[in-house]
Amino acid sequence: MKTDLPQSFHRLEYRPPNYTFGQVELDIALDPARTIVKSRLEVLPGQGYEAGAPLVLQGHELEFVSLRINGEAHRQFELTPETLTIHALPNDGKQSFIVEIICICVPEKNTSLMGLYVSNGNFFTQCEAEGFRKITYFLDRPDVMARYRVTLRARETEYPVLLSNGNLVGTEKLPNGWHSAIWEDPFPKPSYLFALVAGKLECVEEIIYTSSGAKKLLQIWVEPHDLQKTRHAMDSLIASIHWDEKRFGLELDLERFMIVAVGDFNMGAMENKGLNIFNTKYVLAQPETATDADFANIESVVAHEYFHNWTGNRVTCRDWFQLSLKEGLTVFRDQEFSADQMGSESGRAVKRIEDVRLLRQLQFPEDAGPMSHPIRPDEYQEINNFYTVTVYEKGAEVVRMYQTLLGVEGFRKGMDLYFKRHDGQAVTCDDFLSAMADANGRDLSQFKHWYSQAGTPRVSVKESYDAAKKEYQITLAQSLAKPESKPFHIPLKMRLLTPADDQAEFLLELTQDQQSWTFNNIQHRPVLSINRNFSAPIHLSFEQSEADLLIMLSSDDDAFNRWEAGQKLAMQMILEGRVPDTALIEAYRNLLTNPELDPAFKELALTLPAEAYLYEQCVSVDPQKIYSARRAFRHAIASELRIEWAALYQQMQSAEPFSPDAASAGKRGLKNLALSMLLDADPLIWAPMAVNQYQNADNMTDRYAALAGLVIHGSKLASACLEDFYQRFADDALVIDKWFALQSSRPPVPGAEPTLQEVKRLREHDAFRLNNPNRVRSVIHAFCMNNPASFHQADGSGYEFWAESVLTLDSINPQVASRLARGLDRWRHFAQPYRDLMLVALKQVVACQTLSADVKEVVSKALANESQ
Ligand code: B3K
Ligand code: ZN
């Protein structure tokens, strides 16, 4: 192990800035090989001003050219690879002064996709969290909020469109074929929200009026050949704008709101003020090329970024430890928006189930592994590693708990007070909690622990029923991750299910280590439905009998718990290596044939717990054993219910033209689950049917589902369809990503070659690109992180591939590499020989002398106290 300890940043070491900026003027002459950035900064003493302190600006991978202060060349400065420190400030920096800096960056060499870079010949930026320092020297921290005026210059034929934040205030033709545009953003913002875009792009636009009657221009900018794929994103944006007015009274504050799509992007999208930049994956859709899941994701990501305009941009984070202040809150808002878009109560429940599935599959393992952190972390080495499912998804659960405790109206009061107090400020999670508490006159001091304590709390349930006294009692106890942890404030919705159906829903607030509640006048032993709608993000230890779970599966009025009962039954049986018994098969049959239930709910109820979630129930994971048990269980459901599946496959067909709405998507989802089950039960009969669906589908959902069914079930008919698919969509990068991902995520098929061989061939394919994150994720991440049974091989071949891929990617794009590096986080949790083989792979990565801070943090935390 190396001895040089990486630098860590600590939440409690926050200090307000010595200096801040008033007006910021940027003049950027765009050239892929040599972009010249001139800045003119009005510097003012900051909240933490100390007389005589130098001005320390951050700058990374920049070529410094010159520095002037108040118009004069200034020579008292020092440069390091990370900073420009300016001494001898006028008047000791007590009054405002002007700093002018010229520097140069090289966008075409920038493969990290942070700062200013080139994608398909156009310029884009990504500044969150600390990318602005790769454009110019700056106080690159979120608590320095300034007003920007930006002049962009570029050659007009190559870069006809020049965009930045705010409003366009002028354009000009310049000599030698250059032109310029000036943009002014009226709202002060931190540097992480700065953006520019330049290139050959076209837009669709719409004018709308907000509730106060203000006129707004909405634009979506894409490459010209993608223009016809923007309708859904535009509809989603308009729906989001109206929803935020209605639900939270928040109006769009800018005259112009732009979304730009880019094919090379590290994540989903970015909420730059007035100029959101999106991964093409979350903008472009038409029925022939995008699945129902793509349509739903676009709707929620467009909403998420739009909602940041208030929760993130108008009120931002004081420092990056507070990230969940904007991310958890904005995820909660986009979840609520998407739930409302579902159009029915049962639709809302389906959305809730999907969100919880994701949380348990991804966040629960994170919280049990070496990167576990509270939603407000206390320490980090590389902030980019903390854009996690904990900060986002668990953060959203914490925000949801406020709403559960305070009610929808109480929550709204808290939001109103939050904006009243903090509009235009950079604040903390504590400020949010205080607004919620003060607006509702509630003491939420114990609720604070959700921000400071990591780990998923476990709540155990004991129940007793006294038939003579007609008395029912429950005792709840919370056990905590660490001995020094404090009890959480846990809101648990519950209801006693009785034959007379005479009990109301309650909200229990578990605040102590252990608490009991007694219910009187209960005529028969009830069935307890607790943590309804997943009111708290916890593990529940509750040994409910299979008979009670079957009752809940057939009749709990809380759709989440109805689904959950089925998941528990399936989980227990899979972990014990059992197949479903007659009672469970009959319960499934009743669900599938119940005309009252939504197709989308039926699909979820018959979808088994993910392998990642099953792993979390084991002390020591044997991935092949879990895979086989799960497959056998699924095969039994497929065969025993083949008549119902075949009937559903017919009933769920639709003659209507494609529409991505939730009801139509739900029908397609159930139809395609039926097809997949039928391929499992009777492959020889159903493979030709799948080929037929593949060939005749008028939409990507059906075409892809048929293809996936053939590939996953190892049908001989798959390869011709795969070849056809590639030829049909060769020009559409997002569809080709699906083609790659499908093959990389194929689970092991008896008799077929290991998926790893296929993945290695795909990596050599002409269309594979190591510097395009979407393509890399569709091959490498899909295999290492989304295909557990193929990845975890007892010969360690998957892990060798992982190590080699992490190292190759790290020299190109540390963020993409670091995400992949998380793939072995849970090595300690596995049985032998997997555990030792993972350790070897981790050690191989950590031994590399040139690791990025991103990957180094992840692998060294995975290996910390390695012998334990
Ligand atoms: N705020 C961005 C994420 C930035 C990630 C930087 N590594 C997208 C979002 O959450 O909306
Ligand atoms: Zn966000």
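The values are calculated or read from the model by the stated rules, or taken from the named source; none is laboratory data. All figures in this text were calculated on a predicted structure; none of them were measured in a lab. So basically every Cβ, Gly included, is an ideal-geometry build from the backbone, and we count neighbours across all protein chains shown. These area figures cover heavy atoms from the full protein model, side chains too; ligands, DNA and RNA do not enter into them. Shrake-Rupley method; radii C 1.70, N 1.55, O 1.52, S 1.80 Å.
Using the Cβ of Ala741 as centre and a radius below 11 Å, the other residues enclosed give a net charge of +3, where K and R count +1 and D and E count -1.
Which number do you get for Rg(Cα) / (2.2 N^0.38 Å) in segment 582-626? Write down the numbers at each step before the final one.
Values: Rg = 14.3 Å, N = 45, 2.2 N^0.38 = 9.3 Å.
Ratio of Cα Rg to 2.2 N^0.38 Å: 1.52.
Excluding same-chain neighbours fewer than eight residues apart, the aspartates and glutamates reachable from Lys215 by a Cα-Cα span under 12 Å are Glu206, Glu251, Asp253, Glu255. The share of accessible area on the chain that comes from carbon and sulfur is 50 percent, using a 1.4 angstrom probe. What the Cα convex hull of segment 316-452 gives, in volume per residue, is 110 Å³. With no solvent and one equal point scatterer placed on each C-alpha of segment 458-536, evaluate the Debye formula and give log10 I(q)/I(0) for q = 0.25, 0.27 Å⁻¹, two decimals. With one equal scatterer per Cα and no solvent, log10 I(q)/I(0) is -1.22, -1.35.
Accessible area ranking (1.4 Å probe, heavy atoms, ligands and nucleic acids excluded), largest first, for Thr518, Thr701: Thr518, Thr701.
In this structure, the amide hydrogen of Val315, modeled 1.01 Å from its nitrogen in the peptide plane, lies closer than 5 angstrom to those of Gly424, counting only residues at least 5 positions away or on a different chain. For the pair Ile208 and Glu108, a Förster radius of 35 Å applied to the C-beta separation gives a FRET efficiency near 0.40, rounded to the nearest 0.05. Compute the long axis of helix 292-307 from its Cα atoms, compare it with the longest principal axis of the Cα atoms of the chain, and write down the angle in degrees, 0 to 90, nearest 10. Long axis of 292-307 versus the principal axis of the chain: about 40 degrees. The mean sequence distance of close C-alpha pairs (under 8 Å, at least 6 residues apart), as a share of the length of segment 281-378, puts its relative contact order at 23 percent. The amide H of Val262, built 1.01 Å from its N in the peptide plane, has Phe278, Asn279, Thr280 as neighbours under 5 Å, considering only residues 5 or more places off or on other chains. Using a cut-off of 16 Å between alpha-carbon atoms, which aspartates and glutamates can reach Lys109, once sequence neighbours fewer than 8 places away in the same chain are excluded? The reachable aspartates and glutamates, counting only those whose Cα sits under 16 Å from Lys109, are Asp31, Glu61, Glu63, Asp264, Asp810.
Suppose every K and R has +1 on its Cβ and every D and E has -1 on its Cβ; what is the size of the dipole of segment 11-200 about the Cα centre, in Debye to the nearest 20? Don't skip to the end; give the middle numbers.
Numbers: 19 positive and 23 negative charges, 41 e Å.
So the magnitude is around 200 debye.
Subtracting the Cα-Cα distance of Glu764 and Lys462 from 0.36 nm times their residue separation leaves 103.1 nm of extension gain. Which Cα, out of Ser516, Ser485, Thr475, lies furthest along the positive dipole direction of segment 458-536 (beta carbon charges, K/R +1, D/E -1)? Positive-most Cα among the choices belongs to Ser485.
So how strong a dipole does segment 328-420 carry about its Cα centre when Lys and Arg Cβ are +1 and Asp and Glu Cβ are -1, to the nearest 20 debye? Write out the running numbers ahead of the final one.
Numbers: 12 positive and 15 negative charges, 64 e Å.
I would put it at about 300 debye.
Placing unit charges on each Cβ (+1 for Lys and Arg, -1 for Asp and Glu) gives segment 11-200 a dipole about its Cα centre, and among Pro190, Gly93, Thr83 the Cα reaching farthest toward its positive end belongs to Pro190.
Placing a pseudo-label 7 Å from each Cα along the Cα-to-Cβ vector at Ala655 and His10 gives an inter-label distance of 7.2 nm.
Take the alpha carbon atoms of segment 412-435, find their center, do the same for segment 774-842, and report the distance between the two centers in whole angstrom. Between the Cα centre of segment 412-435 and that of segment 774-842, the gap is 41 Å. In summary, the convex hull built on the alpha carbon positions of segment 280-348 has an orientation-averaged projected area of 5.6 nm².
Seen against the Cα atoms of the chain and their longest principal axis, helix 834-846 is set at about 0 degrees. Under the convention that each Lys and Arg Cβ holds +1 and each Asp and Glu Cβ holds -1, the size of the dipole of segment 269-392 around its Cα centre is about 260 debye.
Quick check on the chain: helices-only [θ] at 222 nm, where DSSP H runs of length 4 and up contribute -39,500 (n - 2.57) each and the sum goes over total residues. Nearest 500, please. Working shown, then result.
Numbers: 28 runs with 332 residues, N = 868.
Helix-only estimate at 222 nm: -12000 deg cm²/dmol.
In this simple spin-label approximation, Gln832 and Asp502 carry label points 7 Å from Cα along the Cα→Cβ vector, and these lie 6.1 nm apart.
Close amide H contacts of Ala146 (hydrogens built in the peptide plane, cut-off under 5 Å, sequence separation of 5 or more or a different chain): Lys189. 3J(HN,Hα) couplings calculated from phi for segment 484-499 with the Karplus curve 6.51 cos²θ - 1.76 cosθ + 1.60 (θ = phi - 60°) are, in sequence order, 7, 5, 9, x, 7, 8, 10, x, 10, 7, 9, 8, 8, 8, 10, x Hz; Gly and Pro show x.
Can you check what the net charge comes to around Thr230, using other residues whose Cβ is under 13 Å from the Cβ of Thr230 (Lys, Arg +1; Asp, Glu -1)? Provide the component values of the computation, followed by the final result.
Numbers: positive: Lys229, Arg231; negative: Glu202, Glu205, Glu206, Glu223, Asp226, Asp235.
Once positives and negatives cancel, what remains is -4.
Remark: segment 529-679 carries 39 Å² of accessible area per residue (probe radius 1.4 Å; ligands, DNA and RNA excluded).
Ignoring lysines fewer than eight residues from Lys413 along the same chain, the ones with Cα atoms less than 26 angstrom from its Cα are Lys189, Lys246, Lys273, Lys326, Lys351, Lys394, Lys448, Lys493. Note on Val619 and Ala730: the model spin-label points, each 7 Å out from Cα along the C-beta direction, lie 5.7 nm apart. In this calculation the C-beta distance from Thr171 to Asn771 is compared with R0 = 25 Å, giving a FRET efficiency of 0.15. Across segment 348-362, rounded Karplus estimates of 3J(HN,Hα) from the backbone phi angles (6.51 cos²θ - 1.76 cosθ + 1.60, θ = phi - 60°) give 4, 5, 4, 4, 4, 4, 4, 5, 5, 3, 5, 4, 6, 6, 10 Hz, Gly and Pro being marked x.
The string of couplings for segment 627-640 from the Karplus curve (6.51, -1.76, 1.60, θ = phi - 60°) is 4, 5, 5, 5, 5, 5, 4, 5, 4, 5, 5, 5, 6, 5 Hz, one whole number per residue in order, with x for Gly and Pro.
In the chain, one over the average inverse separation of all distinct C-alpha pairs is 28.9 Å, which is the Kirkwood hydrodynamic radius. The long axis of helix 642-651 is offset from the longest Cα principal axis of the chain by roughly 50 degrees.
Taken over the Cα atoms of segment 609-751, the convex hull encloses 136 Å³ per residue. When both segment 517-547 and segment 565-639 are represented by their alpha-carbon centers, they are found 21 Å apart.
Here the ratio of the Cα radius of gyration of segment 76-177 to 2.2 N^0.38 Å is 1.28. Looking at the P(r) of segment 11-200, how many percent of alpha-carbon pairs lie beyond 24 Å? Tail of the P(r) past 24 Å holds 37 percent of the pairs. Ordering Tyr418, Ala349, Gln363 by Cα displacement along the dipole of segment 316-452 toward the positive end leaves Ala349 in first place; charges were set at the Cβ atoms of Lys, Arg (+1) and Asp, Glu (-1).
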